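The values are calculated or read from the model by the stated rules, or taken from the named source; none is laboratory data. Note that the coordinates shown come from a computational prediction; the quantities given were computed from them, not determined experimentally. Note that we place each Cβ from the backbone using ideal geometry, even for glycine, and neighbour counts take in every protein chain shown.
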Amino acid sequence: MEFEFYQQLVKSSSFQSWMINNKDVYLAHFYCTINNNMELGPWWEVGYYHPKTDKLTIFTVGSEINIKPEEDVFKEESKIDELGLKDVKIDIMTAMTKFKEVKEQKYPREILNSGFLILQSFHGQTFWNLSYATSSFHFLNVKINAVNGQIISYKLINFIEQIQKGAKKP
């Protein structure tokens, strides 16, 4: 599957010169914001993981290409999987359609605000991870297999309960 923004990045001179000194990195994720009409934001983030330093370098790709400074990785597991694009068969629009289907079938009363999507691999499975904040102070998350389009999981998380749980931790 072709991702135009990714092709724009890898063909850029800034990326190619960065790669000269970062040969041990690998592609970790794609990220984009989505508005309440399910329209993609104006830029994509492309993350590269440095296994030796356990850091992430993120490129923003839009009308320009920018590189953010290396940052610590937010993760629950000890390993960040490499994102393999050759097996991705489900495109962005199909993933968003599947998200809408789950939302309408399982959570029809929820009103979507802003959200984001991530293409990532975890435990050997590549998936679209779509998340939206809702007007009822919930967070709707749907994970869709990027190879076969099956729904991996869906859940509606209450913001307030999550905040309270976090506040109770020592």
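Given the criterion touching a helix residue (DSSP H, G or I) at 6+ places or on another chain (Cβ under 8 Å) and within 26 Å of Met1 (Cβ to Cβ), identify the matching residue among Ile80, Ile65, Ile58.
When all the criteria are applied, what remains is Ile65.
How do the pairs read when you match residues in the stretch 60-85 that are at pLDDT below 80 with residues anywhere that are acidic (Asp, Glu), using Cβ under 7 Å and keeping only pairs 6 or more apart or on different chains?
Val73/Asp54
Can you name every residue in the stretch 121-156 that is in contact with a Phe, Trp or Tyr (Cβ under 7 Å, 6 or more places away or on another chain) and within 19 Å of Lys89 (Cβ to Cβ)?
Leu130, Val142, Lys143, Ile144, Asn145, Ala146, Ile152
Taking the stretch 106-161, which residues are surrounded by 13 or more Cβ atoms within 10 Å (Cβ to Cβ), assigned to a helix (DSSP H, G or I) and at pLDDT below 95?
Phe159
When you go through (1) farther than 23 Å from Thr53 by Cβ; (2) without any contact (Cβ under 8 Å) to a residue 40 or more places away in the chain; (3) of a type outside the set (Asp, Glu); (4) exposed (fewer than 15 other Cβ atoms within 10 Å of the Cβ) one by one for Lys89, which number turns out not to apply?
(2)
Give the stretch 1-50 a look and list any residue that's more than 30 Å from Thr134 (Cα to Cα) and among the β-branched types (Val, Ile, Thr), or say none.
Correct list: Val10, Ile20, Val25.
Can you tell me which residue is surrounded by the most Cβ atoms within 10 Å (Cβ to Cβ) among those in the stretch 1-30 that are in a strand (DSSP E or B) and out of contact with any Gly (no Cβ under 7 Å at 6 or more places or on another chain)?
Out of the qualifying residues, it is Phe30.
Looking for something within 18 Å of Asn129 (Cβ to Cβ), hydroxyl-bearing (Ser, Thr, Tyr) and assigned to a strand (DSSP E or B) - is there at least one such residue anywhere in the stretch 53-62?
So far as the stretch 53-62 goes, no, none of its residues is within 18 Å of Asn129 (Cβ to Cβ), hydroxyl-bearing (Ser, Thr, Tyr) and assigned to a strand (DSSP E or B).
Scan the stretch 81-105 for residues that are part of a helix (DSSP H, G or I) and not hydroxyl-bearing (Ser, Thr, Tyr) and jot them down. So that I can check it myself, show each step before the final result.
Taking the stretch 81-105 as the starting set, the residues that turn out to be part of a helix (DSSP H, G or I) are 92-105.
Ile92, Met93, Ala95, Met96, Lys98, Phe99, Lys100, Glu101, Val102, Lys103, Glu104, Gln105, listed by residue number.
Would you confirm whether or not the stretch 45-52 contains a residue that is in contact (Cβ under 8 Å) with a residue 12 or more places away in the chain and more than 20 Å from Thr126 (Cα to Cα)?
Checking the stretch 45-52: at least one residue is in contact (Cβ under 8 Å) with a residue 12 or more places away in the chain and more than 20 Å from Thr126 (Cα to Cα).
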